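The values are calculated or read from the model by the stated rules, or taken from the named source; none is laboratory data. All of these numbers come straight from a predicted model, not from anything done at the bench. No Cβ is skipped: glycine too gets one built from the backbone with ideal geometry, and neighbour counts run over all protein chains shown.
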Amino acid sequence: MSEICFGTMTFGDTTDEPTAHAMLDTFVAAGGNFIDTADAYSGGGSESIVGSWLAKHGDRASVILATKVFFASPNGGGLSRPAVLTCVDRSLARLQTTYIDLYQIHTWDAQTAVESWMATMADLVQQGKIRAIGVSNVTGWQLQNIISVAEALSVPIASLQTQYSLLCRDPELELLDCAAFNKVGTLCWSPLKGGWLTGKFKKEEAPAADSRVGKVEAGTVKKLQSNPSYSQFKDDPKVWALLAAMEAVAAAQKKSMPQVALRWCLQRPTVKAVVIGARTPAQLEDNLGASSADGWELTDAEMTSLNEASMPSIPYPYEMVWRVSARGAPRQDGNLWPMGHGF
């Protein structure tokens with residue numbers, strides 16, 4: 001699969017069908033083949049737009065198609081067997097395909113036993129409706145629980161999709177260790193942290209009203225993990241130091257700051273792809289420049305610079321465990337992990 005994955009959350013919302021189709025054409029022409037959507041995006045509108053493009057594209061086998069289930073399930077969401085069976089058929093119809101390459105749970109379901117929904121997923125694999133199973137938005141212990149149940153049913157977990165960026169390194173505390181230990185590939189969503197890592201925001205300068213961060217700041221768009229506000233980071237000197245470090249790397253590499261942010265993710269252990277959410281053709285073109293297809297990568301010194309600038313505080317018990325164990329304290333290059341596990 002391509003290391004740049006086209007995330008389609010905006011399709012049917014801020015991106016109309018003709019623009020979405022044009023961007024998908026550009027993505028494929030540039031060598032991309034991995035498309036990610038979800039049944040909850042735009043009330044199913046995103047899947048429908050991807051499906052109409054797939055029908056026009058005509059070469060289903062050349063595309064790796066991923067979607068998710070949870071939030072659009074009947075009776076308020078969830079992963080119960082009736083809900084998943086209903087949702088997968090609805091997704092297949094909207095996507096105009098007979099199979100989904102990667103079917104992901106959108107988040108943990110505290111009301112449904114893992115054994116129950118995993119058995120449903122195993123049945124869907126046997127029926128040929130899905131080809132691989134992925135998980136998204138879970139904690140470390142939840143991921144290990146899911147992987148253990150999946151192994152018992154002989155339906156291995158293919159991927160972990162989690163938020164991960166220079167402004168969100170929390171998955172390094174446990175999730176990425178778990179993924180590495182179990183040989184599960186990581187897909188990064190919000191690798192630009194809602195636009196904060198693009199370099200377009202300035203200290204003491206209000207964000208543009210039409211930007212996502214500007215809309216969140218104004219209260220017209222809900223603040224979420226994928227939609228941070230300007231106030232969330234504007235008074236944090238570490239954020240501005242990180243942006244300055246990114247700007248220096250971008251200048252040295254003759255690349256844009258978004259390309260540097262995406263490239264950093266792609267050069268981290270276990271990461272197999274970054275899920276970009278371009279809203280415009282120009283953003284897509286720029287994001288595609290993060291690919292290593294033309295042979296570029298960040299140097300060890302540049303990775304160290306970015307690691308150090310983005311180093312988060314380490315909470316208990318991780319700080320204590322790492323300090324007193326063979327894993328040791330965080331290294332001087334700003335890496336939290338891996339430190340001696342041999343992953």
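Filtering the stretch 61-83 for residues that are part of a helix (DSSP H, G or I), out of contact with any strand residue (DSSP E or B) (no Cβ under 7 Å at 6 or more places or on another chain), without any contact (Cβ under 8 Å) to a residue 40 or more places away in the chain and basic (Lys, Arg) leaves a non-empty set.
Applying the condition of being under 16 Å from the mean Cα position of the chain (by Cα) and among the aliphatic types (A, V, I, L, M) to the stretch 17-39 and asking which residue is surrounded by the most Cβ atoms within 10 Å (Cβ to Cβ) yields Ile35. Scanning the stretch 258-288 for residues that are outside any helix (DSSP H, G or I) and either under 23 Å from Thr14 (Cα atoms) or touching a Gly at 6+ places or on another chain (Cβ under 7 Å) (or both) gives Thr270, Lys272, Val274, Val275, Ile276, Gly277, Ala278, Arg279, Thr280. Set side by side, the residues Gly31, Gly43 differ, and just one is of a type outside the set (Asp, Glu), in a loop (DSSP other than H, G, I, E, B) and out of contact with any Gly (no Cβ under 7 Å at 6 or more places or on another chain), which is Gly31.
Okay, residues lined up against (1) in a helix (DSSP H, G or I); (2) touching a residue at least 12 places away in the same chain (Cβ under 8 Å); (3) more than 20 Å from Ser46 (Cβ to Cβ):
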{"position": "Leu85", "(1), (2), (3)": "yes, yes, yes"}
{"position": "Arg90", "(1), (2), (3)": "yes, yes, no"}
{"position": "Thr98", "(1), (2), (3)": "no, yes, no"}
{"position": "Gly134", "(1), (2), (3)": "no, yes, no"}
{"position": "Val138", "(1), (2), (3)": "no, yes, yes"}
{"position": "Gln144", "(1), (2), (3)": "yes, yes, yes"}
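So is Lys255 surrounded by 14 or more Cβ atoms within 10 Å (Cβ to Cβ), among the charged types (D, E, K, R) and in a loop (DSSP other than H, G, I, E, B) or not? In short, yes. The condition of being over 19 Å from Gly277 (Cα atoms), among the hydroxyl-bearing types (Ser, Thr, Tyr), more than 19 Å from the chain's Cα centre (by Cα) and surrounded by 19 or more Cβ atoms within 10 Å (Cβ to Cβ) holds for only one of Ser62, Ser73, Ser48, that being Ser73. Here the stretch 228-239 is the region considered, the condition is being surrounded by 16 or more Cβ atoms within 10 Å (Cβ to Cβ) and part of a helix (DSSP H, G or I), and the residue that is modelled with the highest pLDDT is Val239.
Looking only at the stretch 187-227, filter to residues that are in a helix (DSSP H, G or I) and in contact with a Leu (Cβ under 9 Å, 6 or more places away or on another chain); which one of those is surrounded by the fewest Cβ atoms within 10 Å (Cβ to Cβ)? Full working, then the answer.
Residues of the stretch 187-227 in a helix (DSSP H, G or I): 193-198, 212-218.
Now restrict to residues that are in contact with a Leu (Cβ under 9 Å, 6 or more places away or on another chain): 193-194, 196-198, 216.
Numbers: Lys193: 23, Gly194: 23, Trp196: 26, Leu197: 27, Thr198: 20, Val216: 22.
So, considering only residues that are in a helix (DSSP H, G or I) and in contact with a Leu (Cβ under 9 Å, 6 or more places away or on another chain), the one surrounded by the fewest Cβ atoms within 10 Å (Cβ to Cβ) is Thr198.
Applying the selection to the stretch 135-173, what residues are farther than 25 Å from Leu197 by Cα, out of contact with any helix residue (DSSP H, G or I) (no Cβ under 7 Å at 6 or more places or on another chain) and β-branched (Val, Ile, Thr)? Step through it out loud before you land on a result.
Filtering the stretch 135-173 for residues farther than 25 Å from Leu197 by Cα gives 135, 140-158.
Subsequent filtering for residues that are out of contact with any helix residue (DSSP H, G or I) (no Cβ under 7 Å at 6 or more places or on another chain) retains 141-142, 147-148, 151-152, 154, 158.
Matches in the stretch 135-173: Ile147 only.
For the stretch 281-299, a residue qualifies if it is surrounded by fewer than 17 Cβ atoms within 10 Å (Cβ to Cβ) and either of a type in the set (Phe, Trp, Tyr) or touching a residue at least 12 places away in the same chain (Cβ under 8 Å) (or both), and the qualifying residues are Pro281, Glu285, Ser292, Ala293, Trp296, Glu297.
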